[in-house]
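Right, one structure below, let's go through it.
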Amino acid sequence: MTATKRIMSGMRPTGRLHLGHYFGALLNWVDFQSRYESYHSIVDWHALTTKYQDSHLVPQDIFEITLDWLAVGLDPEQATIYVQSAIPEIAEVHLLLSMITPQNWVEREPTLKDMVRMLAQDEAEAREKATYGLLGYPVLMSADILTFKGELVPVGKDQESHLEFARKVARRFNHIYSTEFFPEPKPEFTETPLLKGMDGMKMGKSYGNDIKIADTADETIKKVKTMVTDRTRIAKADPGHVDLCEVPWPWYKALADEELRKTVKDECENAKIGCVDCKKRLGGLIVDKFAPFREKREELAKNPDRVFEIIQYGNENARKVASQTLSQMRDIMGMPNWNKKQWFNTARMKV
Ligand code: SF4
């Protein structure tokens, strides 16, 4: 099937990915890659907006995230996998877009306020941590998408507002320069099961409640044992309630076939199984599903040269698109591309 639309999405490199990343994004990316022209960016400049003091960790984190992406089936022959900082054109697109983006748009971004709140304990720390780069992250995110003229951006329903900023920037550029150069990126809504961390809270690396794609079978089973179940079920003889089962049941719904789901429901609600055994079975299910990914990841990790080549290949492809966008953008804005003839024409000078 011919890929018609271009899809763009990225992730910050912050270390090994967990299963929330898999179900929340990667599963869809793998599905999309045969249907769309796919661009996937490891957005390392975004990592610096909050972790600038840990910049020395970025190269390793890029390696880890690339292993995870490839292990779950992202195919570099179908999808362009690249590193944001290897494409300097994105930085210039960001700069040009920052010139046309009203300051109050970025200041009003609700996600920015949330990020500052998470980073800082008090006002003084917030002033220190809320850097110029962090303030500008919605513009950088817009540059990420618009440099590749991404028409579709895979998002969950709850993240739709993130994309609205890039849409507004595209509209403003097109309006100011009387053009239709930038497509307004549209959300490609993705269905993702709501899978919580082991403690029933949002899954996150920093909360210590996640299962990593790279976790071994033993590590996975150990973590699954700690999953919070139906808090009203005290003894094994008490009937459970799948609807009150905080973590294992949603995971069963995401991973088990219909027959197994029926069995679990019946065994739970009729007290035929205890939560310990139920979680042991779930652990096995998770291990079986992710074992092939982990094996592939381990193989790739032994060959960092190959991983580097894959990134390099993606960077080269991405750079071709980015430099074309930037050159056209400069033309539209009447900025010289430092080609003499074009410069003189732009300046309406006689050669
Ligand atoms: Fe959850 Fe299974 Fe326990 Fe039921 S038996 S509450 S589904 S862990």
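The values are calculated or read from the model by the stated rules, or taken from the named source; none is laboratory data. Computed from a predicted model, the values in this text were never measured in an experiment. Methodologically, a virtual Cβ is constructed for each residue, glycine included, from the backbone with ideal geometry; neighbour enumeration extends over all protein chains shown. These area figures cover heavy atoms from the full protein model, side chains too; ligands, DNA and RNA do not enter into them. Shrake-Rupley method; radii C 1.70, N 1.55, O 1.52, S 1.80 Å.
Given the options Pro13, Pro76, name the one that is assigned to a loop (DSSP other than H, G, I, E, B) and touching a Leu at 6+ places or on another chain (Cβ under 8 Å).
Pro76
Lys51 meets all of the listed conditions (1) touching a helix residue (DSSP H, G or I) at 6+ places or on another chain (Cβ under 6 Å); (2) open to solvent by 50 Å² or more (accessible area, probe 1.4 Å) but one, namely (1). Kindly evaluate Val321 against the criterion of being open to solvent by 80 Å² or more (accessible area, probe 1.4 Å), in a helix (DSSP H, G or I) and touching a helix residue (DSSP H, G or I) at 6+ places or on another chain (Cβ under 8 Å). Against the criterion (open to solvent by 80 Å² or more (accessible area, probe 1.4 Å), in a helix (DSSP H, G or I) and touching a helix residue (DSSP H, G or I) at 6+ places or on another chain (Cβ under 8 Å)), Val321 does not qualify. Of all residues in region 73-89, those being under 14 Å from the mean Cα position of the chain (by Cα) and under 20 Å from Ile211 (Cβ atoms) number 1. Just one of the numbered conditions (1) open to solvent by 40 Å² or more (accessible area, probe 1.4 Å); (2) modelled with pLDDT of 95 or more; (3) not hydrophobic (A, V, I, L, M, F, W, C) is not true of Pro76: (1).
The residue that is farthest from Val169 (Cα to Cα), counting only those in region 101-118 that are aliphatic (A, V, I, L, M) and out of contact with any helix residue (DSSP H, G or I) (no Cβ under 6 Å at 6 or more places or on another chain), is Met118. The number of residues in region 265-276 that are more than 8 Å from the ligand (Cβ to nearest atom), not β-branched (Val, Ile, Thr) and not in a loop (DSSP other than H, G, I, E, B) comes to 1.
Annotation: Ala214 fulfils all but one of (1) small (Gly, Ala, Ser); (2) loosely packed, with under 15 Cβ neighbours inside 10 Å; (3) under 25 Å from the mean Cα position of the chain (by Cα); the unmet one is (2).
Checked against the criterion of being modelled with pLDDT under 95 and closer than 30 Å to Gln78 by Cα, the candidates Leu300, Leu255, Leu285 yield just one match: Leu255. Look at Glu184 and say whether it is in a loop (DSSP other than H, G, I, E, B), closer than 24 Å to Asn104 by Cα and either open to solvent by 20 Å² or more (accessible area, probe 1.4 Å) or within 16 Å of the ligand (Cβ to nearest atom) (or both). Taking the combined requirement at face value, the residue satisfies it.
Taking the conditions exactly as written (more than 15 Å from the ligand (Cβ to nearest atom), closer than 30 Å to Glu295 by Cβ and either exposed (fewer than 13 other Cβ atoms within 10 Å of the Cβ) or not acidic (Asp, Glu) (or both)), does Lys196 satisfy them or not?
In short, no.
Just checking, does region 164-173 include any residue being in a loop (DSSP other than H, G, I, E, B), at pLDDT 90 or above and not hydrophobic (A, V, I, L, M, F, W, C)? Scanning region 164-173, I find no residue that is in a loop (DSSP other than H, G, I, E, B), at pLDDT 90 or above and not hydrophobic (A, V, I, L, M, F, W, C), so the answer is no. Answer yes or no: is there a residue in region 299-308 that is of a type in the set (Val, Ile, Thr), within 19 Å of Leu70 (Cα to Cα) and in a helix (DSSP H, G or I). Yes: region 299-308 contains one or more residues that are of a type in the set (Val, Ile, Thr), within 19 Å of Leu70 (Cα to Cα) and in a helix (DSSP H, G or I). Summed over region 277-295, the residues that are small (Gly, Ala, Ser) and within 16 Å of the ligand (Cβ to nearest atom) give a count of 2.
Residues that are in a helix (DSSP H, G or I) and open to solvent by less than 50 Å² (accessible area, probe 1.4 Å) were ranked within region 219-233; the one that is nearest to Leu244 (Cα to Cα) is Val224. Scanning region 215-263 for residues that are hydroxyl-bearing (Ser, Thr, Tyr), within 13 Å of the ligand (Cβ to nearest atom) and touching a residue at least 60 places away in the same chain (Cβ under 8 Å) yields a total of 0. The condition of being among the small types (Gly, Ala, Ser) and in contact with a strand residue (DSSP E or B) (Cβ under 9 Å, 6 or more places away or on another chain) holds for Gly156. Only one of the numbered conditions (1) in a helix (DSSP H, G or I); (2) away from the ligand (no atom under 13 Å from the Cβ) is not met by Pro336, and that is (1). Which residues, counting only those in region 241-264, are closer than 28 Å to Ala291 by Cβ, in contact with a helix residue (DSSP H, G or I) (Cβ under 8 Å, 6 or more places away or on another chain) and in a loop (DSSP other than H, G, I, E, B)? The answer is Ala256, and nothing else.
Within region 84-100, is even one residue surrounded by fewer than 19 Cβ atoms within 10 Å (Cβ to Cβ), modelled with pLDDT under 95 and not polar (S, T, N, Q)? Within region 84-100, not a single residue is surrounded by fewer than 19 Cβ atoms within 10 Å (Cβ to Cβ), modelled with pLDDT under 95 and not polar (S, T, N, Q).
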